Amino acid sequence: MMRTDGAPLSIQEYEQQGGYQGLRKAFQFNPEEITQMVKDAELQGRGGAGFSTGTKWSFVPMGKSAPETKYLIVNGDEMEPGTFKDRLLLEGNPHQMLEGIIISAYAIQASEAVIFLRWAYKMSANRLARAISEAEQAGYIGKNILNSGFNIKVSIHTSVGRYMCGEETGLLSALEGKRSLPRAKPPFPQISGLFGKPSIVNNVETLCCVPHIMDKGPNWFKGLSNGDGGGTKLYGASGNVRNPGIYELPLGTPLNELIEVHAGGMIDGYQFRAALPGGASTDFLTTEHLEVKMDFKSVSACGSRLGTGTIIVLDDRTCPVGFVHNLEHFFAQESCGWCTPCREGLPWVEKILKSIEDGEGQQEDLGVLQEHTVGLGPGMTFCALAPGAMAPLKSALKYFKTDFEAHIQQKRCTYKNN
Amino acid sequence: MLTEKEIAKIDLEVSHLPYKGAACIEALKIVQQERGWISDESIHLIAEYLEISAEEVDSVATFYNLIFRKPVGRHVILICDSISCWVVGYENILTALKNRLKINYGETTEDDRFTLLPIPCLGTCDRAPAMMIDNDLHRDLTEEKLDDILNQYQ
Ligand SMILES: Cc1cc2nc3c(=O)[nH]c(=O)nc-3n(C[C@H](O)[C@H](O)[C@H](O)COP(=O)(O)O)c2cc1C
Ligand code: SF4
Ligand code: FES
């Protein structure tokens, strides 16, 4: 549901297209039933990990003994390089997300919702603020919504820029006014989150699915998918493709269909070489993976992750070493410095990649890079930033080894003319 | 001293929060909006007002990319240096900008008009290369467009 001119849907337009019907239906169920419906719909978190949304909600303490204040937090940080899907949802149809927030807050009986937005999303913030006041006037936000007895307060918080703000516990720290350092789990945020209260953090796109599950039912939602898990997905493509952009397609749409049909294929003179399927922290997929269904399970089976589903295409004229160097520069800069392997390892990796790119690399450097992919890999650091940073490096060393070696042997970037 | 306007805005934030210190980031944003950047003096004023230590405020201020601990020009250019912009050649735009403004990253033009800084992905990768100047997003950048864009900011 979007307008073609890029303006946001007003509340009237949204309602005419069936908006806020899901919310009306939601109040006919009790909160636990809604959580079950979201589970049955097989909605998987769209923030990158693909965890079952209904299952996550089911960990929140419910009933009379539960703490009075609970929070629903919207993760609109979207700082994963190459990712631009949530911006579209926020700018194009803010009411859809608000409806998702209200239903989800009702399901976990949260009395406060906080939308955490990255600083750069000025237009999103303005449009959301307007949408919130429209929804308040219409009686969808506030006290005793639609005579249900349910109350919700919705506020917007804008970030001051740090990738770690997107990690859910880092986000909680930022909302408490601190540095966005991650926290140890357990306790999980569902039990002890923002200001020590039970909190659910969900991605923007995840919440935008919820009104449709309520309105049309879990089976309908599940049936939209073409792979593992329910619903449609916002896929995206950037790089040297003809029609870069965002496309809403059934979850499980194959990679080659995405590139050839929706992204319009490669620009003349460029050939597809590989792609990161879902942002900077995912492993490369190459021509051997073109048939893969882009759902969480199938992409994992190829040794990568669906992540955010916004693919970044590497073409045959772009240097894979330079490509990975750019990514590692980002990760090194955004490391929060909490654990030594990440704080010291990432700048080192960045430096080695730069020297290889500049024609000053040594054969031993490849071994050092390889060691880092293990030493900063899953389970070796406090949060998922470091393993995420190693994903593109590890897969690049595997698929583009000859490029790395050619740089070292010829003492230059083999993609630059000289 | 914090101005009345700054205090009013900070108080409003504090009123939504369980304790004063939780407004630290908001207070930094508010003071930066008023004064352009965060000086050592501002750090102390905020710390005193929120009843937390100056070290704590400083550690928060230096942690975040968009809190400026050095004076900046009237306009701040944030050019995206992340992957999708790199693939389509943001480096040429950056070089052109540096040549036109005669500054490097982190520097301010002599007339105090522009400060140039890199920023990670601006979330508009389908229309790369991209940059923000103050609150405005500029996309599909080409060298030819730069003069017109820069002229909008005096
Ligand atoms: C370093 C790091 C950055 C992250 N950034 C984001 C982000 O910008 N947006 C987001 O929704 N999730 C991000 N995540 C994932 C969140 O931690 C969390 O899993 C997600 O918000 C949960 O929402 P979902 O279940 O709806 O997907 C990030 C994770 C890590 C480790
Ligand atoms: S892995 Fe890196 S980003 Fe994550 S907690 Fe450790 S130092 Fe911080
Ligand atoms: S990489 Fe530049 S906007 Fe995303």
Fill in the blank from the handout: Subset of the range A:162-191, residues among the aromatic types (Phe, Trp, Tyr) and either under 15 Å from residue A:77 (Cα atoms) or in contact with a Cys (Cβ under 6 Å, 6 or more places away or on another chain) (or both), comes to A:163
Completion exercise
The residue from A:161, A:149 that alone is within 16 Å of ligand 3 (Cβ to nearest atom) and either more than 14 Å from chain B (Cβ to nearest Cβ) or closer than 30 Å to residue A:338 by Cβ (or both) is A:161
Exercise for the section: Would you check if there is a residue in the range A:247-270 being within 15 Å of residue B:126 (Cβ to Cβ), in contact with a Pro (Cβ under 6 Å, 6 or more places away or on another chain) and open to solvent by less than 30 Å² (accessible area, probe 1.4 Å)? Expected result: no
Completion exercise
When restricted to A:286, A:282, A:310, the only residue closer than 17 Å to residue A:392 by Cα, surrounded by fewer than 19 Cβ atoms within 10 Å (Cβ to Cβ) and at pLDDT 95 or above is A:286
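Yes or no, residue by residue, for (1) under 29 Å from residue A:328 (Cβ atoms); (2) more than 8 Å from every other protein chain (Cβ to nearest Cβ); (3) modelled with pLDDT of 95 or more:
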| site | (1), (2), (3) |
| --- | --- |
| B:43 | no, yes, yes |
| B:52 | no, yes, yes |
| B:58 | yes, yes, yes |
| B:66 | yes, no, no |
| B:77 | yes, yes, yes |
| B:81 | yes, no, yes |
| B:86 | yes, no, yes |
| B:100 | no, yes, yes |
Practice task
Restrict the check to the range A:68-78 and report whether at least one residue is open to solvent by less than 10 Å² (accessible area, probe 1.4 Å), more than 16 Å from ligand 2 (Cβ to nearest atom) and out of contact with any strand residue (DSSP E or B) (no Cβ under 6 Å at 6 or more places or on another chain).
Solution key: yes
Exercise for the section: Test residue B:142 against the stated conditions and say whether it is among the β-branched types (Val, Ile, Thr) and open to solvent by 30 Å² or more (accessible area, probe 1.4 Å). Expected result: yes
Problem - Inter-residue pairs, beta-carbon under 6 Å, first hydroxyl-bearing (Ser, Thr, Tyr) and in the range B:72-83, second more than 16 Å from ligand 2 (Cβ to nearest atom), 6+ apart - result: B:82/B:121
Problem - the range B:117-137 residues that are within 7 Å of another protein chain (Cβ to nearest Cβ), paired with ones that are modelled with pLDDT under 95 and not in a loop (DSSP other than H, G, I, E, B) (beta carbon under 6 Å, 6 or more apart) - result: B:135/A:122
Exercise for the section: Examine the range A:3-11 for a residue that is open to solvent by less than 70 Å² (accessible area, probe 1.4 Å) and modelled with pLDDT of 95 or more, and state whether such a residue exists. Expected result: yes
Handout entry: Given (1) within 17 Å of the chain's Cα centre (by Cα); (2) polar (S, T, N, Q); (3) part of a loop (DSSP other than H, G, I, E, B), number of the condition residue A:75 does not satisfy
Key = (3)
Problem - Unique match (being within 21 Å of the chain's Cα centre (by Cα) and surrounded by fewer than 19 Cβ atoms within 10 Å (Cβ to Cβ)) among A:335, A:300 - result: A:300
Practice task
Might you check whether a residue that is farther than 23 Å from residue A:247 by Cβ, within 14 Å of chain B (Cβ to nearest Cβ) and among the hydrophobic types (A, V, I, L, M, F, W, C) occurs anywhere in the range A:302-322?
Solution key: yes
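A quick yes/no check of all residues on (1) at pLDDT below 95; (2) in a loop (DSSP other than H, G, I, E, B); (3) away from chain A (no Cβ under 11 Å); (4) open to solvent by 40 Å² or more (accessible area, probe 1.4 Å):
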residue: B:7; (1), (2), (3), (4): no, no, yes, yes
residue: B:10; (1), (2), (3), (4): no, no, yes, no
residue: B:55; (1), (2), (3), (4): no, no, yes, yes
residue: B:71; (1), (2), (3), (4): no, yes, yes, yes
residue: B:94; (1), (2), (3), (4): no, no, yes, no
residue: B:97; (1), (2), (3), (4): no, no, yes, no
Exercise for the section: Within the range B:103-133, track down each residue that is within 16 Å of ligand 1 (Cβ to nearest atom) and of a type in the set (A, V, I, L, M). Expected result: B:119, B:122
Practice task
Looking only at the range A:230-246, count how many residues are within 14 Å of chain B (Cβ to nearest Cβ), assigned to a strand (DSSP E or B) and open to solvent by 10 Å² or more (accessible area, probe 1.4 Å).
Solution key: 2
Exercise for the section: Could you tell me which residue of the range A:37-85 is nearest to the other protein chains (Cβ to nearest Cβ), considering only residues that are among the polar types (S, T, N, Q) and free of Cβ contacts under 8 Å to residues at least 60 places away in the same chain? Expected result: A:65
Exercise for the section: For residue B:91, indicate whether it is over 30 Å from residue B:144 (Cα atoms) and free of Cβ contacts under 8 Å to residues at least 40 places away in the same chain. Expected result: no
Completion exercise
(1) open to solvent by less than 80 Å² (accessible area, probe 1.4 Å); (2) out of contact with any Lys or Arg (no Cβ under 9 Å at 6 or more places or on another chain); (3) closer than 30 Å to residue A:182 by Cβ; (4) without any contact (Cβ under 8 Å) to a residue 40 or more places away in the chain all hold for residue A:349 apart from (4)
Exercise for the section: List every residue pair whose Cβ atoms sit under 6 Å apart, with the two residues 6 or more apart in sequence or on different chains, where the first one lies in the range A:174-193 and is acidic (Asp, Glu) and the second, anywhere, is open to solvent by less than 60 Å² (accessible area, probe 1.4 Å). Expected result: A:176/B:22
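One line per residue, one yes/no per condition, for (1) open to solvent by 40 Å² or more (accessible area, probe 1.4 Å); (2) under 14 Å from residue A:191 (Cα atoms); (3) more than 16 Å from ligand 2 (Cβ to nearest atom):
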{"residue": "A:19", "(1), (2), (3)": "no, no, yes"}
{"residue": "A:24", "(1), (2), (3)": "yes, no, yes"}
{"residue": "A:33", "(1), (2), (3)": "yes, no, yes"}
{"residue": "A:36", "(1), (2), (3)": "yes, no, yes"}
{"residue": "A:43", "(1), (2), (3)": "no, no, yes"}
{"residue": "A:62", "(1), (2), (3)": "yes, yes, yes"}
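The values are calculated or read from the model by the stated rules, or taken from the named source; none is laboratory data. Bear in mind the structure is a predicted one, so any value in this text is a computation, not a measurement. A quick note on method: Cβ atoms are made from the backbone with ideal geometry, for glycine too, and the neighbour counts reach across all protein chains shown. Heads up: the accessible areas ignore ligands, DNA and RNA and are worked out on the full protein's heavy atoms, side chains in. Shrake-Rupley method; radii C 1.70, N 1.55, O 1.52, S 1.80 Å.
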